[in-house]
Amino acid sequence: MDQRPPDRWTAKAAASGRVRRHSLLDRAYHWLMAICVFVLMATAFLPILGIKFEWLDIHWTTGVALAALVLIHIARAVFFQDWRNMWIGFADLRELWGDAARLFGSRKQPALPGKYDAAQKLYHLGVAVVVLAVVGSGLFMLLKIDTPFWRRNPYWFSADTWGVIYVIHGFAAMAIVAIVIVHLYFALVPDSWYLLRAMLRGWISGKEYAQHHDPARWKA
């Protein structure tokens with residue numbers, strides 16, 4: 001743990017009872033997205049494992065709901081939040097370099113991150129790429145099924161193009177499984193319980209803020 005004396009921001013936060021980390025809207029988005037992802041995973045992979053049920057309508061409607069959530073999140077991040085909290089800058093690269101150096105025996109104290117550390121930002125970037133890939137390819141695949149809103153048109157793309165779309169969708173779906181496993185593992189690590197609580201209740205304690213975050217990079 002960093003042993004630097006606290007500045008006035010840190011001292012103020014440590015003296016306070018709670019520091020808000022996530023708003024109710026952000027928490028609702030997170031859990032709704034989680035529900036959509038688990039439903040999509042179940043409807044995509046359970047039939048492959050031999051569990052038969054009418055999965056198609058559940059799958060595509062949940063996919064459309066996920067696409068709507070992603071659009072809302074992008075609009076909120078761009079226009080109503082500080083998107084720089086997730087931007088990977090030089091300080092984050094130095095943080096990653098320090099983490100790598102400590103793996104090889106360096107004893108230098110780690111720099112405290114802002115609201116999110118470099119690993120969380122990289123994870124978020126990976127999630128963004130994979131989810132956009134699976135949502136984008138999935139929306140194209142809607143052209144091949146009948147819905148209450150349109151009739152199927154499988155001739156919209158050539159056979160080769162459809163093949164590329166299916167490959168992108170399949171690889172992105174498998175990547176999401178890996179991403180979910182990683183996310184669940186780190187969410188259940190005791191050192192991360194304060195972050196899990198923040199996603200449930202919205203706040204961390206002033207002591208946790210002072211211990212885990214640089215107030216110069218996140219003035220909570």
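Taking only complete DSSP H runs, can you tell me which helices of the chain stretch 27 Å or more along their own long axis by Cα positions and average at least -0.5 on the Kyte-Doolittle scale?
24-45, 56-79, 118-141, 159-188
State the percentage of accessible surface on the chain attributable to carbon and sulfur atoms; use a 1.4 Å probe and exclude ligands, DNA and RNA.
Solvent-exposed carbon and sulfur of the chain make up 70 percent of the total.
Once you sort the root eigenvalues of the Cα gyration tensor of the chain as a ≥ b ≥ c, which label holds: rounded (a/c under 1.5), prolate (a/b larger than b/c) or oblate (the other case)?
It is prolate, given that a/c is not under 1.5 and a/b is the larger ratio.
Which cross-chain or sequence-distant (5 or more) residues have an amide H under 5 Å from the amide H of D214, H modelled 1.01 Å from N in plane?
Close amide H contacts, sequence-distant or interchain: G114.
Restricting to DSSP H runs of at least four residues, report the calculated mean residue ellipticity at 222 nm for the chain, -39500 (n - 2.57) per run over all residues, nearest 500 deg cm²/dmol.
Using -39500 (n - 2.57) per qualifying helix, the result is -21000 deg cm²/dmol.
With every protein chain left in place, what is the accessible area per residue of the chain in square angstrom, probe 1.4 Å?
It amounts to 66 Å² per residue over the chain.
For a Förster distance of 41 Å, can you work out the FRET efficiency between the beta-carbons of W193 and R152, rounded to the nearest 0.05?
After rounding, the FRET efficiency stands at 0.30.
Under a 10 Å cutoff between Cα atoms, tell me which one of L142, L200, L184 has the largest fluctuation in the Gaussian network model of the chain.
Answer for the Gaussian network model of the chain: L184.
Place the peptides 132-141, 48-57, 165-174 in order of packing, highest mean first, counting for every residue the other Cβ atoms within 10 Å and averaging per peptide.
Ranked from most to least packed, the peptides come out as 132-141, 165-174, 48-57.
Using a 7 Å offset from the Cα along the Cα-to-Cβ direction at both K52 and F38, what is the distance between the two label points in nm, to one decimal?
2.7 nm
When we measure straight from the Cα of K207, which aspartates and glutamates land under 17 angstrom away, once same-chain ones fewer than 8 places off are left out?
Partners found: D2, D7, D191.
The values are calculated or read from the model by the stated rules, or taken from the named source; none is laboratory data. Because the structure is predicted, anything quoted here is derived from the model rather than measured. Because the Cβ atoms are built from the backbone with ideal geometry, glycine has one as well, and the counts that use them run over all protein chains shown. Protein only, heavy atoms only, side chains kept; ligands, DNA and RNA dropped before computing areas. Shrake-Rupley method; radii C 1.70, N 1.55, O 1.52, S 1.80 Å.
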